[in-house]
Amino acid sequence: MIDSYRHKGLRKRLIDSVKAKGIENEDVLSAMLKVPRHLFMAKGFEERAYQDNAFPIAADQTISQPYTVAFQTSLLDIKSGDKVLEVGTGSGYQAAVLLEMGVKLYTIERHQVLFKSSQLLLKKLGYYPYSYYGDGYKGLPTYAPFDKILITAGAPAIPESLLSQLKIGGIMVVPTGPRHTQDMLKVMKISENDYKTENHGKFVFVPMLKGKE
Ligand code: SAH
């Protein structure tokens with residue numbers, strides 16, 4: 001679990017490049033500067049951790065591209081103390097970035113192997129989300145409502161079940177669309193039944209699937 005000067009240097013370069021691609025939120029950039037992405041990579045991919053790309057992790061899933069992590073996190077307009085629900089814990093990298101920003105994080109993963117490995121790794125690194133193994137489509141009604149909801153997989157449509165778990169004034173960021181490409185939607189809950197939706201362009205995610213494995 002080494003985070004060397006070399007890793008830190010490569011990470012600085014990566015974050016500078018993410019910034020150069022248009023990410024302006026300094027809170028997001030400085031959180032990403034602190035999280036050792038190489039420790040979240042699958043065996044054999046550690047060397048590539050500071051390239052701005054998505055890479056395979058266990059269970060045929062991916063660790064999101066750093067630019068995408070920065071983009072989604074910026075859209076959430078995170079404030080320290082926000083209660084956030086993440087659907088798709090995966091490697092745990094995005095969770096660590098959110099925790100660096102001082103949120104209270106609930107995160108759900110449908111693959112048991114990823115649920116277990118991410119929970120273990122996050123704990124080793126001193127990050128403490130509330131981690132759940134289950135189907136993110138159901139959300140966590142017991143702990144709702146949330147200030148922010150982040151979906152890190154591609155949903156065929158906006159998951160209605162999760163909108164009801166969002167606070168009024170809250171934001172949900174969800175890549176929505178068919179399997180090959182999704183629109184990054186920012187959904188703002190204006191009142192109990194009113195939403196404002198912005199489309200922030202095309203991205204590609206692994207699919208958000210029902211049930212658990
Ligand atoms: N946030 C992750 C990205 C992982 S990719 C990271 O930083 O590494 C998306 C993840 O969403 C995958 O691990 C996939 O298993 C998970 N996923 C897909 N559908 C889901 C669902 N319905 N509930 C919970 N997790 C889901």
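Thr62 sits with roughly 60 Å² accessible to a 1.4 Å probe, with DNA, RNA and ligands left out of the calculation. Which shape class applies to the range 1-138: rounded if a/c is under 1.5, otherwise prolate when a/b exceeds b/c and oblate if not, where a ≥ b ≥ c are the square roots of the Cα gyration tensor eigenvalues? Judged from the Cα gyration tensor, the range 1-138 comes out oblate (a/c at least 1.5, b/c at or above a/b).
Under a 5 Å amide H cut-off, with hydrogens placed 1.01 Å from N, Gly170 pairs with Lys189 among residues at least 5 apart or on other chains. How large is log10 I(q)/I(0) at q = 0.17 Å⁻¹ when the Debye formula is applied to the Cα atoms of the range 37-94, each weighted equally and without solvent? Debye intensities relative to I(0), on a log10 scale: -0.59. For the chain, the longest principal axis of the alpha carbon atoms and the long axis of helix 5-20 meet at an angle near 40°.
The distance linking the range 149-204 with the range 1-55 is 26 Å (Cα centroid to Cα centroid, whole angstrom). Relative contact order, whole percent, for the chain stands at 15, derived from Cα pairs under 8 Å and 6 or more residues apart.
Find the accessible area per residue for the range 54-203; the probe is 1.4 Å, ligands and nucleic acids are left out, and the unit is Å².
41
Put simply, the amide H of Leu185, placed in the peptide plane, has neighbours under 5 Å in Val174, Thr176, His200, leaving out anything fewer than 5 places away on its chain. One equal scatterer on each Cα of the range 54-203, no solvent, Debye formula: the resulting log10 I(q)/I(0) at q = 0.09, 0.13, 0.15, 0.16 Å⁻¹ is -0.24, -0.52, -0.71, -0.81. The residue among Thr152, Ser64, Leu209 whose Cα reaches farthest toward the positive pole of the charge dipole of the chain, with charges on the beta-carbon of Lys, Arg, Asp and Glu, is Ser64. Using the beta-carbon distance between Lys210 and Ser164 and R0 = 22 Å, what value does 1/(1 + (r/R0)^6) give for FRET efficiency, to the nearest 0.05? The pair Lys210/Ser164 has a calculated efficiency of 0.80. Taking only Cα atoms and a 10 Å spring cutoff, compute GNM fluctuations for the chain and point out the largest among Asp77, Asp194, Asp147. So, out of Asp77, Asp194, Asp147, the one fluctuating most is Asp194.
Largest GNM mean-square fluctuation across Ala49, Ala155, Ala20, computed for the chain with C-alpha springs under 10 Å, falls on Ala20. Surface composition of the range 54-203: carbon and sulfur make up 53 percent of the accessible area, probe 1.4 Å.
The values are calculated or read from the model by the stated rules, or taken from the named source; none is laboratory data. Quantities reported herein were computed from a predicted structural model and do not represent experimental measurements. Note that each Cβ is placed from the backbone with ideal geometry, even for glycine, and that neighbours are counted across all protein chains shown. Areas reflect the complete protein model, heavy atoms only, side chains present, ligands, DNA and RNA absent. Shrake-Rupley method; radii C 1.70, N 1.55, O 1.52, S 1.80 Å.
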